[in-house]
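Novice: I have a structure here, written as C-alpha cells, and I will follow up with some questions on it.
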Amino acid sequence: MNYNWNWKIFFEVSADGRHTWLTTLFMGLGWTLITALCAGIIAFLLGSALGVMRTTPSKWAVRLGNAYVEFFRNIPLLVQLFLWFFVLPELLPKGMGNSIKQMTPPWASFVPAVLGLGLFTAARVSEQVRAGIQALSRGQGQAGTALGLTLPQRYRYVLLPMAYRIIMPPLTSETMNLIKNTSVALTIGLVELTAAARSMQEFTFQVFEAFTAATAIYIVVNLIVVNLMRWLEKSIAVPGFIGPSVAGGGH
Amino acid sequence: MGAFDFGVIERSLGYLFKEGMTFTLTLTGLAAAGGIIFGTLLAMMRLSSHKWLSLPATAYVNLMRSIPLLLVIFWFYFLVPYIGAWIVGATRPIQVGAFASSVITFMMFEAAYYSEIMRAGIQSIPRGQVWAGYAIGLDYWQTMAKVVLPQAFRNMIPILLTQTIILFQDTSLVYVLSITDFLGAASKIAQRDGRLVEMYLFAALVYFLISFALSYVVKLLQQKIAIIR
C-alpha cells in the first residue's frame with residue numbers, strides 16, 4: 001500500500017485559515033454534542049408525553065400516540081431532515097418561510113437538525129417509556145387508585161419514577177444513537193464531527209488520519225456517555241429492585 | 001406558497017422506480033443476506049470459549065456500534081480500494097464501483113447489529129440441546145447447523161426482519177456518495193426541475209408505505225409464531 005501517512009496534519013492550519021485541523025474536529029464535536037443535547041431535551045419531554053399517552057385508558061390518546069410513532073419510525077431520518085430543511089419553509093405562509101430561509105449559516109441547518117432529530121428520537125423514547133410503564137405490575141397503578149390518587153398523580157408519583165429507572169439501559173443506547181444520528185445533519189449543511197472529518201479529508205487528502213481521529217473521538221464520547229448513564233442509573237437505583245431491561249434495537 | 005406541480009412525480013416514475021428503487025431494494029437484499037450470514041458467524045465467534053475468537057469479534061461489533069453509519073460509509077468508500085489493492089497485490093488502489101462499495105459497507109456494518117440479534121437467538125436455545133447434540137455424536141458445526149441455528153433463526157425472525165426494515169431506511173444514506181438510490185433519484189429530479197417540495201414529500205410517502213407495510217407483516221408473523229409456541 002502506498003499511502004502517505006502524515007499525522008502532523010492535525011497541527012496544520014485548516015481551510016478556514018485560523019484554526020488547526022485538530023481544533024476544527026473539536027469544533028465539529030461541539031456541534032455534535034450541542035445538537036444532540038437540544039434534540040435530546042425535545043425527545044425526552046415529547047417522548048415521555050407520548051409514552052404516557054399510549055398507556056392511558058383514553059383510546060384516542062393511544063391512537064394519536066401510535067400514529068405519531070408509526071409516522072416518525074417509518075420514514076428514514078435523512079428524508080425527515082430534508083422535509084424540515086427543504087419542504088417546511090415552502091409550506092409555511094410566505095413571510096414565515098422567507099424568514100426561515102434567511103437564517104444565517106450555522107442556525108439555518110442547526111434549527112431543522114434539532115427539530116428533526118428531536119421529533120424522530122421522541123418516537124423511539126416514547127416506545128421505551130411505554131414499555132417501561134407496561135413492565136410495572138398492574139397492582140402499582142391500582143394501589144395508587146386505592147390511595148385516592150388522580151390519574152396524573154398516579155403517573156407522577158407511582159408509575160413514572162419506577163418506569164424511568166427500568167428503562168435506563170435502553171435510554172442509554174438511545175442517547176448514543178442520538179449522538180451518532182446527528183451525523184446525518186451533515187447532509188443539510190451542519191458541520192458536526194463527521195462533516196469536519198470529511199472536510200479535512202477533502203482539503204488535505206489525508207483520508208485515514210481524518211477518519212481515524214473522528215472514530216477515536218466517537219469512541220471516547222461513547223465511553224463517557226455509557227459511564228455517565230451507568231453512574232446515574234446506580235445513583236438513582238431503588239434498593240431491592242432490579243429493573244428488567246427492555247430490548248432496544250436499531251441505530 | 002408557490003404553485004406546486006405534482007405532475008413531476010408522474011413524469012419521473014420510471015426513473016424513480018426502475019433506477020432508484022431497484023438499487024435501494026438490491027442493496028437492502030444483498031446487505032441483509034450478507035449481514036445475516038456474517039453476523040451469525042460473528043455471533044458464534046463471540047460465544048466461543050476461545051479468547052482469540054471472541055475478543056476480535058467483540059471488538060469489531062463494539063467498534064461498529066459506536067460510530068455513525070455515515071462515518072462507516074465514508075471509511076469504506078476510501079478503504080475498500082486499498083484493501084482490494086492489497087488483496088490482488090496491486091500497487092495502486094483499485095477502482096471499486098459505488099455499488100460494490102456500498103454493498104460491502106452495509107454488509108459489514110449491519111453484520112454487527114445482526115450478530116447481536118443472532119447472539120440472543122443462540123443463547124435462547126437451552127444448553128441441554130447442545131449437550132444432547134454432542135452426546136449423539138455430532139460435532140460443533142453439525143450441532144450448530146442442525147440443532148441450534150434453525151431454532152435460533154426461527155425465534156429471531158421478527159427481530160431480524162425489523163432490523164432489515166431499519167436497514168432499508170438506512171440505505172438512503174448512500175445519498176452522500178451521490179448514488180442514484182431511490183432518494184438519490186428523487187433528489188436529482190428535484191434539483192433538476194426545482195421541485196424539492198413535491199419530490200421529497202413523495203419520497204417520504206413511498207418510504208413510509210413500504211416500511212409501514214413491512215412492519216405490519218412482521219407484526220402478523222410475530223402473532224403467528226407466538227401461537228405456535
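Computed from the coordinates by the stated procedures, all read-outs in this text should not be read as laboratory data. Predicted model only: the values in this text are computed from it and were never measured. Cβ coordinates were reconstructed from backbone atoms using ideal geometry, including for glycine residues, and neighbour counts include every protein chain displayed.
Novice: Okay, helix-only estimate at 222 nm for chain B: each DSSP H run of n ≥ 4 adds -39500 (n - 2.57), divide by all residues, round to 500 deg cm²/dmol; what do you get?
Specialist: After summing the helix terms and dividing by residue count, I get -26000 deg cm²/dmol.
Novice: Another question, if that's okay. Taking amide H positions as placed in the peptide plane 1.01 Å from N, state which residues far from A:T20 in sequence (5 or more) or on other chains have amide H under 5 Å from it.
Specialist: Those lying under 5 Å, H to H, from A:T20 are A:S14.
Novice: How much length is gained if the chain between B:L41 and B:D139 is pulled fully straight, taking 0.36 nm per residue apart and subtracting their Cα-Cα distance, in nm to one decimal?
Specialist: Value of the extension gain: 33.6 nm.
Novice: Pulled fully out, how much extra length does the chain show between A:V220 and A:D16, if you take 0.36 nm times their separation in residues and subtract their Cα-Cα distance?
Specialist: 70.8 nm
Novice: Here's something else I'd like to know. Return the ratio Rg/(2.2 N^0.38 Å) for segment B:7-228, where Rg is computed over Cα atoms only.
Specialist: For segment B:7-228, the normalised Cα radius of gyration is 1.20.
Novice: Sort A:24-33, A:189-198, A:130-139, A:147-156 for me by packing, meaning the mean count of neighbouring Cβ atoms within 10 Å per residue, highest on top.
Specialist: A:189-198, A:24-33, A:130-139, A:147-156
Novice: Can you work out ³J(HN,Hα) from phi for every residue in segment A:111-126, in order, using Karplus 6.51 cos²θ - 1.76 cosθ + 1.60 and θ = phi - 60°, giving whole Hz and x for Gly and Pro?
Specialist: Values per residue, Gly and Pro as x: 4, x, 5, 5, 4, x, 5, x, 5, 5, 5, 4, 4, 6, 4, 4 Hz.
Novice: What's the exposure ranking of B:M107, A:M229, going from fewest to most Cβ atoms within 10 Å?
Specialist: By the 10 Å Cβ count, ascending: A:M229, B:M107.
Novice: So how far apart, in nm, are the two label points at A:T23 and A:F71 if each is 7 Å from Cα heading toward Cβ?
Specialist: Roughly 4.4 nm, to one decimal.
Novice: Identify the residues of segment A:63-82 with backbone N under 15 Å of a label point that sits 7 angstrom from the Cα of A:W107 along the Cα-to-Cβ direction, or state none.
Specialist: Under 15 Å, as judged by backbone N against the label point of A:W107, lies no residue of segment A:63-82.
Novice: Let me ask something else about it. Pop the C-beta distance of A:T56 and A:A143 into the FRET formula with R0 = 25 Å and round what comes out to the nearest 0.05.
Specialist: Once rounded, the FRET efficiency stands at 0.90.
Novice: Translational diffusion coefficient, Stokes-Einstein: compute it for chain A using the Kirkwood radius over C-alpha pairs as Rh, at 4 °C and 1.567 mPa s, and state it as an integer in µm² s⁻¹.
Specialist: Stokes-Einstein gives a translational diffusion coefficient of 64 µm²/s.
Novice: Arrange B:L196, B:L167 by Cβ neighbour counts within 10 Å, fewest through most, would you?
Specialist: Listing B:L196, B:L167 from fewest to most nearby Cβ atoms yields B:L196, B:L167.
Novice: Simple spin-label model, 7 Å along Cα-to-Cβ: B:E10 to B:L177 in nm?
Specialist: 3.6
Novice: Using the alpha-carbon atoms, what tilt in degrees (0 to 90, nearest 10) does helix B:182-193 show relative to the longest principal axis of chain B?
Specialist: 10
Novice: Something else now. Dividing the Cα radius of gyration by the Kirkwood radius, what Rg/Rh value follows for the protein assembly as shown?
Specialist: 0.98
Novice: Would you mind computing, in nm to one decimal, how far apart the modelled labels at B:R154 and B:R192 are, each placed 7 Å from Cα along Cα→Cβ?
Specialist: Result: 5.0 nm between the two label points.
Novice: What angle do you read, to the nearest 10 degrees and between 0 and 90, between the alpha-carbon axis of helix A:168-181 and the longest principal axis of chain A?
Specialist: 30
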